[in-house]
1. Quick check: at a probe of 1.4 Å, how many percent of the accessible area of segment 231-337 sits on carbon and sulfur atoms?
2. What number comes out for the charge environment of residue 95, summing +1 per Lys or Arg and -1 per Asp or Glu over other residues with Cβ under 11 Å away?
3. Three principal axis extents, largest first, for the C-alpha atoms of the chain, in Å?
4. Looking at the chain, do any whole DSSP H helices span at least 30 angstrom along their long axis by alpha carbon and average 1.6 or above on Kyte-Doolittle, and which?
5. Below 8 Å, C-alpha to C-alpha, sequence gap of six or more: please give me the relative contact order for segment 305-448 in percent.
6. Please compute the contact order of the chain in relative form: average sequence separation of alpha-carbon pairs under 8 Å and at least six residues apart, divided by the residue count, as a percent.
7. For segment 354-393, what % of the accessible area comes from carbon and sulfur atoms, probe 1.4 Å?
8. Quick one: accessible area per residue over the chain, 1.4 Å probe, rounded to a whole number of Å²?
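The values are calculated or read from the model by the stated rules, or taken from the named source; none is laboratory data. Quantities reported herein were computed from a predicted structural model and do not represent experimental measurements. All Cβ positions, glycine included, derive from the backbone under ideal geometry; neighbour counts span all protein chains shown. Heavy atoms of the whole protein, side chains included, go into the accessibility calculation; ligands, DNA and RNA do not. Shrake-Rupley method; radii C 1.70, N 1.55, O 1.52, S 1.80 Å.
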Amino acid sequence: MRRSHRASGVLPLLTALAIAATGVVAATRAVADAPNLVSGSGITVGASRWITGRTLEVDIATAKVATNSVNGPHRVRITLPNDYFQSGATRYPVLYLLHGGAGGNSAQWTTGGGAAEAITDNRPIITVMPDGGKVGWYTNWVDQSSGAQAWRTFHVDQLVPWIDANLRTIASKSGRAIAGLSMGGFGAIRYAQDRPDLFAFAGSFSGAVDLGDSGTRSVIGQQATQNGYSPNAIFGNPFPPFDTTWNALNPVSRASRLSGVSVALYAGSGINDSDAIERTMATSAQHLHDAMNAAGVPHFFWNYGRPGPSVPYGCDGGHNFSCWNFALNDAMPRMLAVLQAPSGPPPPPPPANPVVNGGFENGLSPWACAGNCGTDSGTGLAHTGNGNGWVRNTSGWNDVHQTIAVSANRTYTITAWVQTSTNNTDGYFGLRTTGGQVLGEQRFGRLDGYTQLSVAVNTGAQTSVVLYGGLWANGDTWLQLDDAAAS
């Protein structure tokens with residue numbers, strides 16, 4: 001606007017200070033938005049700690065699970081999206097990622113061999129990794145005489161609402177996925193079958209998804225015994241005709257309950273043909289695949305064999321993290337394609353036009369002049385209607401301007417239709433502060449006919465700014481301005 005402003009170093013310095021201040025505000029906002037996890041839904045929160053810049057570990061307690069039923073303290077690990085602290089009120093989908101048995105716990109998918117952080121890097125999803133017990137098997141135990149082991153109640157009825165209450169989640173079926181390895185693969189499928197209204201996606205990686213398999217039943221009983229429990233404590237007696245719980249919770253016999261859930265089943269061929277564990281899991285996955293086909297339930301099934309070192313994570317076909325990471329990595333885009341994308345609050349409505357009498361149909365007011373300006377009415381010189389503003393002089397700065405009320409920290413687009421004399425070389429249209437500092441402007445030269453000018457300007461801390469159109473006159477120089485607006 002004014003040449004003295006354009007020649008000084010004041011504006012670059014102010015810009016630098018504004019950028020620095022913005023960084024400070026962003027950092028403050030990130031700290032303030034750090035999850036303050038509170039007790040609720042039957043879960044009592046203890047201490048918490050950051051494992052990495054994205055993964056938080058939280059000590060918890062619940063009456064549904066005895067403290068001695070887990071490997072170490074009872075904890076939940078939560079891996080947040082990379083931009084969680086910078087994304088304002090954005091809500092994200094959640095993956096509940098379950099660990100396996102034989103020593104597994106909530107750390108398994110992050111620091112126990114799993115690559116959950118790497119696989120979810122720059123992906124818009126919250127990953128929740130709860131404890132599932134030494135040998136919890138994601139069920140409410142038949143015999144809890146040695147301590148509470150109501151894992152299904154804890155995970156489905158307590159953990160899910162607790163996460164929704166404490167984090168910015170998409171708290172609906174469209175915002176939830178569940179997956180797990182081995183014992184956790186059974187848990188993911190079982191929970192999705194119990195509550196297909198809660199989960200849009202379920203994934204099993206080498207999961208024990210056929211409780212009718214005698215070898216699986218034997219291993220579960222052995223695991224219970226090895227951890228000091230009765231072999232029948234989890235699902236009851238495994239032998240007919242007393243195996244009613246085993247049969248009732250067998251994913252294969254409940255295949256139709258997965259209708260409406262996107263399901264992905266993964267298994268390998270074992271590191272060799274003598275790998276009984278993985279080959280049993282592959283047979284179980286095949287049985288569930290067949291049952292889902294018979295029930296007409298669409299799903300994805302992949303027995304990937306022994307892919308080898310050329311694939312991500314070098315899956316060797318075995319019952320190990322080289323393959324579980326490989327499977328999760330493959331499942332992730334399938335999962336995200338099903339889940340609702342991150343969502344924020346609805347955008348604010350566009351601001352009402354704060355420019356009054358922008359078409360000069362009611363004379364000059366509330367416009368004002370710097371130098372020489374005025375209005376035309378009924379002369380046929382307007383862009384639309386009967387009126388327009390004008391600026392004309394032989395020297396100096398001349399403008400027509402109006403002070404308008406605006407919202408702070410909002411970007412406005414200001415527009416006006418302008419035409420000029422043929423000798424104009426130094427015209428400006430923009431916004432400035434009431435103190436005269438230019439916030440944003442467009443320079444223009446000769447405009448032989450009405451031309452729309454447009455400038456996008458952020459108001460910063462200002463709630464009142466000045467819209468102007470003017471020129472530096474050099475001889476008899478003029479402009480006409482009409483239909484000014486801001487939005």
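1. 56 percent
2. Around residue 95, the surrounding residues sum to +2.
3. Computed over the chain, the largest-to-smallest principal extents equal 104, 45, 41 Å.
4. Answer set is 10-32.
5. 13 percent
6. Averaging sequence separation for qualifying contacts and normalising by length gives 11 percent for the chain.
7. 46 percent
8. On a per-residue basis, the chain sits at 41 Å².
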